[in-house]
1. At a 10 Å Cβ-Cβ cut-off, how would you order TYR151, TYR217, TYR253, fewest neighbours first?
2. Between HIS270 and GLU149, what FRET efficiency comes out of the Förster formula 1/(1 + (r/R0)^6) with R0 = 56 Å and r the beta carbon distance, rounded to 0.05?
3. Which value, in debye to the nearest 20, describes the size of the charge dipole of the range 208-336 about its Cα centre when Lys and Arg Cβ atoms bear +1, Asp and Glu Cβ atoms bear -1, and nothing else is charged?
4. Working from the pairwise distances between different alpha carbons, so that the mean of 1/r is found and then inverted, what is the range 79-333's Kirkwood radius in Å?
5. Just how large is the dipole of the range 79-333 about the Cα centre, in debye to the nearest 20, putting +1 at every Lys and Arg Cβ and -1 at every Asp and Glu Cβ?
6. Considering all alpha-carbon pairs of the range 112-234, what whole percent are spaced by more than 25 angstrom?
7. Please compute the net charge surrounding ASN106, taking Lys and Arg as +1 and Asp and Glu as -1 over other residues with Cβ under 12 Å from its Cβ.
8. Enumerate the amide H contacts of VAL168 below 5 Å, restricted to partners 5 or more residues apart or on another chain; note that Pro and chain-start residues carry no placed amide H.
Amino acid sequence: MIYPWFKPDTARNNEIIEIKKMISQKNLTMGNKVNELEKRLQKILKINPKKIYIFSDFNPTNINNQKNINFIKSLNYNIKTFISDVHLGSGTFQEREWDKFISWLNGDVDYHKEWIPNPGYLVIAGDAVDGIDSYPGQEADLSITDVWEQYAELSKSVNKIPHEIQTVIMPGNHDAVRLMEPQLPLPDKVIKNFGDNLTFTANPVLLDLAGVKTMCYHGKSLDDLVSLRDLSYDNPMGMMKELLKRRHLAPIYGAKTPLAPEKQDYLLIHDIPDIFVTGHVHSFGVEKYNGVLMINPGTWQSQTDYQKMMGFQPDPCRAVAVNLQTFETQVLDFNF
């Protein structure tokens with residue numbers, strides 16, 4: 001797994017030292033410690049609110065071995081929004097609904113404004129564009145036949161997202177990266193067109209955003225799991241459960257998921273995440289399993305000819321917002 005670490009500044013380091021001193025003081029009550037901890041974390045975040053800080057030095061929930069502290073993991077960044085499989089450049093890309101989503105992020109659409117992640121995070125879990133040569137005869141299905149032009153159009157809309165929204169983009173099997181997993185981040189030729197509030201990661205990636213462990217995997221291996229009994233594309237939650245049970249993101253070897261011959265297995269699930277996100281299958285789902293919030297946001301592409309032939313109906317133009325304090329979720333449907 002790859003962690004997007006940011007080098008902390010001196011002021012933040014000094015503040016963390018003071019936090020550790022405060023935690024070790026025996027004369028403070030538990031309530032006073034938590035209140036003081038929240039104040040100091042707020043001070044840290046105000047030093048540079050545009051950075052994603054990762055607090056891995058200590059675990060505030062283990063102060064004096066008290067297990068029942070309702071510690072708020074995120075103080076300034078409260079909302080995290082997930083989308084996947086935008087497929088910009090496809091003839092079936094839902095441009096009107098996508099533009100509505102971008103306008104909503106800017107506060108210009110009167111629809112669940114309390115769930116706008118500003119400040120907060122937006123995660124795009126792969127297949128941001130439709131790509132080229134992803135399957136035979138794809139050219140006939142494209143509205144933009146050059147993959148670099150697809151990314152250029154994507155940058156025009158994504159760059160309209162407010163800078164207070166930290167945006168993460170990972171690749172999928174339609175993106176301009178190698179098909180073998182793990183996949184590398186998008187190339188510099190693409191990244192240079194985007195703003196500095198974007199982070200480009202590999203696939204898969206384990207993100208620690210304001211203390212919430214979020215495992216993102218585009219989901220190519222779901223094509224292998226669908227062949228198992230009682231699993232289907234219209235039930236991504238069932239397949240995601242199987243990945244968690246097996247502690248591996250591609251547990252079937254030699255099938256439809258190409259794997260890179262790396263010295264280390266980057267698809268192992270070493271740490272149990274708080275949130276597990278996939279895409280790929282264009283089916284929507286939200287469910288909790290053994291304390292893990294599982295999400296597949298669906299797609300921004302309507303039914304393709306191939307899907308119609310297979311009798312599959314996708315779930316387009318939805319986003320899932322998560323409150324990082326309560327883990328309450330809100331499904332945002334932009335089909336209006």
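1. By the 10 Å Cβ count, ascending: TYR253, TYR151, TYR217.
2. 0.90
3. My answer is approximately 240 debye.
4. The Cα-based Kirkwood calculation yields 18.2 Å.
5. Once rounded to the nearest 20, the dipole reads 640 debye.
6. So the portion of pairs separated by more than 25 Å is 32 percent.
7. Residues close to ASN106 contribute a combined charge of 0.
8. LEU122, VAL123, ILE124, THR199
Values in this text are rule-based calculations from the coordinates and carry no lab data. Bear in mind the structure is a predicted one, so any value in this text is a computation, not a measurement. All Cβ positions, glycine included, derive from the backbone under ideal geometry; neighbour counts span all protein chains shown.
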